[in-house]
Structures are given as C-alpha cells and as structure tokens.
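The values are calculated or read from the model by the stated rules, or taken from the named source; none is laboratory data. What you see is a predicted model; the values in this text were computed from it and never measured. Here the Cβ positions follow ideal geometry from the backbone for every residue, glycine too, while neighbour counts run over all protein chains shown. These area figures cover heavy atoms from the full protein model, side chains too; ligands, DNA and RNA do not enter into them. Shrake-Rupley method; radii C 1.70, N 1.55, O 1.52, S 1.80 Å.
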Amino acid sequence: MHNLSPERLRSAVVLVAVSVAVSGCTDLAVRLGLRTRLAGVPISAVSVALVTRRDHSAVSALGPGQSAQLVIVATNPEGQKFVTVGAGGGKVLFDSYVIDASVVNVSKRGRVSLPADPLLSEGRTGHLRITLVGHPGVAAELHIPVRYDIAYQLDFPGADGAPGMDGMAGFDGMPGMDALPAPVDPATGLPGTRGPGAAGSNGGDGGDGSNGQDGWPAANVRIWMRLARAEPDLLQVKVLSGVRQSFFLVDPHGGSLRVLANGGQGGRGGSGGRGGRGGRGGDGFPRGMDGQDGRPGSDGRPGGGGAGGTITVSVDPAAQRYLSCLSWSNRSGDGASGPAKIIVEPVSSLW
C-alpha cells in the first residue's frame, strides 16, 4: 500500500466529509470522527447562546418571523469544551440534548424561530431548557424576549404580462442557376459567348412579432391600525387583501410596516423576424441579378402595465401620530401612482 502525501490525505478527508454531508449518514460521520455524541463523556456544565446565521453575532431577542441559530457548549470537569455543529463550528450533534421549548420552535439542526403570527407570542417570553441526554441534572436555560422594533414588509403584487412571441425569420431566396458553358464554334474552334445567369429568387418577409400581454392588476389592500397599549407604545395592525389576512405588533420607536401592492409590468413585445436574404444571381454573361432581401417583420407592442392596488387605511385617532411607521407602494406596472386613502376613525381591538 502506497503512503499518501499530506496533500492527498487532506483531499481524501475533504472528499469523505463532502460525501458524508451529501448522504446525510450521521452514524458514518460519528464513526469517522467528523461528528460526535456526548454519551459516556463526563460533563459538568452546559451553556447555551443564540447567534445569527450570517456572521454568528449574538442575538438577544427575536421578532415575529425571525430566527437564529442555537449554540450549545458542554464542559467536562477538566475544562475541555464540546461545541455543537452548525453555527458553533463544533462536532457535537444536537441529538446529544433534549430541548424543551415554549413560544419558540427549534429544528433538529438548532434553528430557533418565533412564529410570524404575533397572537402566538404577545405578552410572552420564549424559553429553552437544554438537558444533556442521560444526565437530567446537567442542564441550561435560555430566556428569549420578543421584540417588535423590526421592519416588516408585505407584498401583494400583480403578475407580469407574458412576453409576445418573436416573429419567424423569412426564408432565404434560392440562388439563380449558372449559365451553361459557352459553346465552341466548330469552324474556328473558339468559344462563343456564354449565356446569361439566372436571377436569384427574393428572400421571404420576416414574420411580425406578437404583442406582449398586459400586466395584471395588484390586489386592493385594507389596513387598520390602533394602539395596542400606551405604556410603552405598541401598535396593533391588521392587513387584509382578499382572503389573506395578516396581523402585526409594531414598536413605533424603531419598527415599521411597508405594504407593496404594485401592478405587474406589461409583457415585452415580440421581435419581428429577420427578412430572408435574396438569392445570389447565377454566373453567366451577364451575371444574373441577385434576389431582393425580404422585409423584416414588425416588432409587437409591449403590453400595458397592470394597475396598482387601492390602499385604504383606517387609523385610530390615538395612533395617528405614528402614521409614519406605515408606508406603501401601489404603483402601476407603468409607474403611475395608485389610489390611497387614510381614514381617521375609531378602531376597535383587532384581535
């Protein structure tokens, strides 16, 4: 057996790691030492933290619909650390722990998420209890406050129109026949005059492109906004469009809601087909005339933009000073602003 160079050994390890990741064979990863479980390992303490998926910075609270990655660190009596896979960058599998969660949800890969519906978390705090499998006395707890100073966005777009079909290219003309070789004068043995070449045929006209279809209009949107509570201020917002209904709690000191109801753009008109090239004139005396090129087809017209949806906002007088937290865009597919109306009127509790 040949000894592997360090470079080839590293390549082999990487290849095995990739194969394991693709196949999802956890038991094989454990046997190869790429992953580990803490069964049988003496552990004296466990700590837990939440970090962002992108740069692994610390997360202290979650807003509705937000998520973060769980990092669990176990420590043995000698002070050695054992960190979970994923955002923690360690080898320990999450199934080494029993994770009890309330308010938040936890996936098998350590993704902690808060439901998007604020009705499921209003007035509550997320909580995790992490227990080492087989060691109920070795545990850690994490409280996850709920935040509402985030930027929400809802989109009710109109669909873009389908593009027009491109026109077919015209057929090229056929080349003219060449003249026969000049006849030889039997008396003198000299060649006579060669006949004329035939004219090439004209190229065919290109087909016209078809028109693009119009964009679809966006849905109309109805919005209600009121103060959920005054100390500290918190806005209760309901958004309704068709059968789609959404609820939000917005901290006006840093939070916002943007609603999009833009019409779809018109489809591109089809390009006209290329005119066919005229056929080459045949050789002869005189040479045959070349055929004329066919005319290119006309481009199709682009479709018109769909209308923007109508935005109607009912705001309770007590919440009127926070209207700047609400914004929208309801332009047509052609860029024209759509209709919007704000009504200041009493708004009762939205849930």
Original post:
Name the residues in the range 105-160 that are among the polar types (S, T, N, Q) and under 30 Å from Asn262 (Cβ atoms), would you?
Top reply: Ser113, Gln153
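Quick check on my filter: what residues within the range 198-246 are β-branched (Val, Ile, Thr) and surrounded by 20 or more Cβ atoms within 10 Å (Cβ to Cβ)?
Step one: of the range 198-246, the residues β-branched (Val, Ile, Thr) are 221, 223, 237, 239, 243.
Residues satisfying the conditions are Val221, Ile223, Val237, Val239.
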Subject >> Search result, residues across the range 252-291 that are open to solvent by 30 Å² or more (accessible area, probe 1.4 Å) and either basic (Lys, Arg) or within 30 Å of Pro181 (Cα to Cα) (or both) >> reply: Arg258, Arg268, Arg274, Arg277, Arg280, Asp283, Phe285, Pro286, Arg287, Met289, Asp290
Original post:
Considering only strands (runs of 3 or more DSSP E) fully contained in the range 236-351, which possess at least 2 residues that are at negative phi and in contact with a Ser or Thr (Cβ under 6 Å, 6 or more places away or on another chain)?
Top reply: 256-260, 340-344
Original post:
Do we have any residue at all in the range 1-9 that's at pLDDT below 95 and either under 32 Å from the mean Cα position of the chain (by Cα) or surrounded by 14 or more Cβ atoms within 10 Å (Cβ to Cβ) (or both)?
Top reply: no
Subject >> Pairs, first under 15 Å from Gly306 (Cα atoms) in the range 155-167, second open to solvent by 70 Å² or more (accessible area, probe 1.4 Å) and not aliphatic (A, V, I, L, M), C-beta under 6 Å, six or more apart >> reply: Gly158/Trp216; Gly158/Pro217; Ala159/Trp216; Asp160/Gln265; Gly161/Gln213; Gly161/Asp214; Ala162/Gln213; Pro163/Arg268
Original post:
Mind checking which pairs have a first residue in the range 90-113 that is within 17 Å of Pro42 (Cα to Cα) and assigned to a helix (DSSP H, G or I) and a second that is among the β-branched types (Val, Ile, Thr) and open to solvent by 20 Å² or more (accessible area, probe 1.4 Å), Cβ under 7 Å, 6 or more apart or different chains?
Top reply: Ser96/Val133
Original post:
Any residue at all in the range 69-77 that is touching a residue at least 60 places away in the same chain (Cβ under 8 Å), assigned to a loop (DSSP other than H, G, I, E, B) and open to solvent by 50 Å² or more (accessible area, probe 1.4 Å)?
Top reply: no
Original post:
How many residues are modelled with pLDDT of 90 or more and more than 30 Å from Ala169 (Cα to Cα) if we restrict to the range 197-254?
Top reply: 33
Original post:
So which of Arg258, Arg301 ends up being touching a strand residue (DSSP E or B) at 6+ places or on another chain (Cβ under 8 Å) and among the basic types (Lys, Arg)?
Top reply: Arg258
Original post:
Which pairs do you get when a residue that is in a loop (DSSP other than H, G, I, E, B), found in the range 191-204, comes within reach of a residue that is surrounded by fewer than 17 Cβ atoms within 10 Å (Cβ to Cβ) and of a type in the set (Gly, Ala, Ser), reach meaning Cβ atoms under 9 angstrom, with the pair 6+ apart or on two chains?
Top reply: Gly192/Ala182; Thr193/Ala182; Arg194/Ala182; Gly195/Ala182
**OP:** Mind telling me which of the residues Gly79, Gly40, Gly86 ends up being modelled with pLDDT under 90 and either at positive phi or in contact with a Pro (Cβ under 6 Å, 6 or more places away or on another chain) (or both)?
**Re:** Gly40
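Kindly check whether there is at least one residue in the range 317-331 that is of a type outside the set (Lys, Arg) and closer than 30 Å to Arg194 by Cβ. Walk me through how you get there before you give the answer.
First, the residues of the range 317-331 that are of a type outside the set (Lys, Arg): 317-320, 322-330.
Cutting the leftovers down to closer than 30 Å to Arg194 by Cβ gives us none.
Looking through the range 317-331, none of the residues is of a type outside the set (Lys, Arg) and closer than 30 Å to Arg194 by Cβ.
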**OP:** Would you be able to say whether some residue in the range 161-178 is open to solvent by less than 70 Å² (accessible area, probe 1.4 Å), among the aliphatic types (A, V, I, L, M) and under 15 Å from Ile72 (Cβ atoms)?
**Re:** no
**OP:** Go through the range 123-135 and give me each residue that's touching a residue at least 12 places away in the same chain (Cβ under 8 Å) and either open to solvent by 70 Å² or more (accessible area, probe 1.4 Å) or at positive phi (or both).
**Re:** Arg124, Thr125, Arg129, Val133, Gly134, His135
Original post:
If you take the residues in the range 299-324 that are within 26 Å of the chain's Cα centre (by Cα) and open to solvent by less than 30 Å² (accessible area, probe 1.4 Å), which one is nearest to Gly206 (Cα to Cα)?
Top reply: Gly303
